[in-house]
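Participant: One structure follows; several queries about it will come next.
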Amino acid sequence: MSATLLLPERAIVPAAADWLSTADWPHRAASRFVLAGGLRWHVQVLDSPRPDAPVALLLHGTGASTHSWRDLGPLLARRYTIIMPDLPGQGFSAMPPAGGLSLAGMAMGITALLRVLEVRPELIIGHSAGAALGARLCLDGAVAPAHLISINGALLPLGGVAGMVFGPMARLMVNLPGVARLAARQARERATVERLLRDTGSVLPAEGVDLYARLFRRPEHVAATLGMMAAWDLPGLARDLPRLATPLTLIVGKQDRTIRPTEARRLQALLPAARIDALPGLGHLAHEEAPGLVARRILETV
């Protein structure tokens, strides 16, 4: 026997039109398109061989999609039933209405999705902005997991160049006509995508670079990414974080150039019970660089 998540038939909707050209997308057979909160979501479900497996919800970061869990997800599925949605407007999920790209709006959307799927995650794993979304869900009482795992989480207001891009610059760019299409055209040059990924402090295999390149070449994905960056409310989250009751582990890539590793200590000052697990030699995309190591650290923690 195995733990098989049966999605409610009433929630299943036809695939997005651009899905037809993705025959080689990672874990394509696990993909479903689900209607929840008035939005068409792309969701991947990896069943566990355990008949009593609890559910783990994996939330990707800004500009990514379910593909970022392509190697880590199956490793965690040995113990959990894995649910991996594309966040609104990114990957193959539809663009939400006004307000749906904000932290609060995405939290409401994920809450609606979990309600339709009829699941209650015991574990939430979020990468970068996905960690902030996981924390928001816990703070709002939408979920009550036994543990929240942050992988290079963007849980506090960002400083430096990242702070400029993730906020003021994004708000400027999102209102300029044609920016998303221009960025998508630039992503046709593989070297451009390689440079963007390398600037995170991570080194990905060719497959990982190719998958990001395919996403970045889609203006819709770029527009949603910019919209998310412009609407994200990290100061509001930081004010609420001290009342987070969910056990929190901070997995930190010590070579992360996007979220400075020192941010983990700032978080620990707000949440003294938070545990820091620093991984040498890994950058912002640590879970894609070393999925085996990250899976082992997660399973040892929970």
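Participant: Being open to solvent by 10 Å² or more (accessible area, probe 1.4 Å) and of a type in the set (Val, Ile, Thr): is that true of Val34 here?
Facilitator: No.
Participant: If you don't mind, there's one more thing I want to ask. Out of the helices (runs of 4 or more DSSP H) lying entirely within region 58-177, which hold 3 or more residues that are open to solvent by less than 10 Å² (accessible area, probe 1.4 Å) and at pLDDT 95 or above?
Facilitator: 72-76, 103-117, 129-139
Participant: Looking only at residues in region 48-57 that are closer than 16 Å to Ala146 by Cα and among the small types (Gly, Ala, Ser), which one is modelled with the lowest pLDDT?
Facilitator: So the residue we want is Ala53.
Participant: Residue check, Arg10 against (1) in a helix (DSSP H, G or I); (2) among the basic types (Lys, Arg); (3) surrounded by 17 or more Cβ atoms within 10 Å (Cβ to Cβ), all met but one. Which one?
Facilitator: (3)
Participant: Restrict the check to region 93-116 and report whether at least one residue is at positive phi, out of contact with any His (no Cβ under 8 Å at 6 or more places or on another chain) and of a type in the set (D, E, K, R).
Facilitator: Within region 93-116, none of the residues are at positive phi, out of contact with any His (no Cβ under 8 Å at 6 or more places or on another chain) and of a type in the set (D, E, K, R).
Participant: Would you check if there is a residue in region 225-235 being without any contact (Cβ under 8 Å) to a residue 60 or more places away in the chain, touching a helix residue (DSSP H, G or I) at 6+ places or on another chain (Cβ under 8 Å), crowded, with 20+ Cβ neighbours inside 10 Å and of a type outside the set (D, E, K, R)?
Facilitator: Yes - at least one qualifying residue is present in region 225-235.
Participant: Now a separate question. List every residue pair whose Cβ atoms sit under 7 Å apart, with the two residues 6 or more apart in sequence or on different chains, where the first one lies in region 180-206 and is within 9 Å of Phe216 (Cβ to Cβ) and the second, anywhere, is part of a helix (DSSP H, G or I) and open to solvent by 60 Å² or more (accessible area, probe 1.4 Å).
Facilitator: Thr192/Gln186
Participant: Please tell me if Ala29 is in a helix (DSSP H, G or I), surrounded by fewer than 21 Cβ atoms within 10 Å (Cβ to Cβ) and not hydroxyl-bearing (Ser, Thr, Tyr).
Facilitator: Yes.
Participant: Name every residue in region 32-51 that is under 20 Å from Ser65 (Cβ atoms), in a strand (DSSP E or B), out of contact with any His (no Cβ under 9 Å at 6 or more places or on another chain) and not aliphatic (A, V, I, L, M), in order of residue number.
Facilitator: Arg40, Trp41, His42
Participant: Can you go through Leu20, Leu5 and tell me which one is in a helix (DSSP H, G or I), modelled with pLDDT under 95 and farther than 25 Å from Leu156 by Cβ?
Facilitator: On inspection, the qualifying residue turns out to be Leu20.
Participant: Sort out which residues of region 211-230 are farther than 15 Å from Arg185 by Cα and either at pLDDT 95 or above or of a type in the set (Phe, Trp, Tyr) (or both), and write them in order of number.
Facilitator: The one that is farther than 15 Å from Arg185 by Cα and either at pLDDT 95 or above or of a type in the set (Phe, Trp, Tyr) (or both): Leu211.
Participant: Is it the case that Asp52 is charged (D, E, K, R) and farther than 26 Å from Leu293 by Cβ?
Facilitator: Values: charged (D, E, K, R): yes; farther than 26 Å from Leu293 by Cβ: yes.
Spelling it out, Asp52 is indeed charged (D, E, K, R) and farther than 26 Å from Leu293 by Cβ.
Participant: Among the residues of region 274-284, write down those that are open to solvent by 10 Å² or more (accessible area, probe 1.4 Å) and over 23 Å from Leu244 (Cβ atoms).
Facilitator: Across region 274-284, the qualifying residues are Pro280, Gly281, Leu282.
Participant: Every residue in region 253-285 that is out of contact with any His (no Cβ under 7 Å at 6 or more places or on another chain) and under 18 Å from Ala64 (Cβ atoms), please.
Facilitator: Leu282, Gly283, His284, Leu285
Participant: Among the candidates Arg265, Arg297, single out the residue that is open to solvent by 40 Å² or more (accessible area, probe 1.4 Å) and out of contact with any strand residue (DSSP E or B) (no Cβ under 6 Å at 6 or more places or on another chain).
Facilitator: Arg265
The values are calculated or read from the model by the stated rules, or taken from the named source; none is laboratory data. It should be emphasised that the depicted structure is a prediction, and the values quoted were computed from it without experimental measurement. All Cβ positions, even for glycine, are placed from backbone atoms using ideal geometry, and neighbour counts span all protein chains on display. Remember, those area values only see protein heavy atoms, side chains included, never the ligands or the DNA or RNA. Shrake-Rupley method; radii C 1.70, N 1.55, O 1.52, S 1.80 Å.
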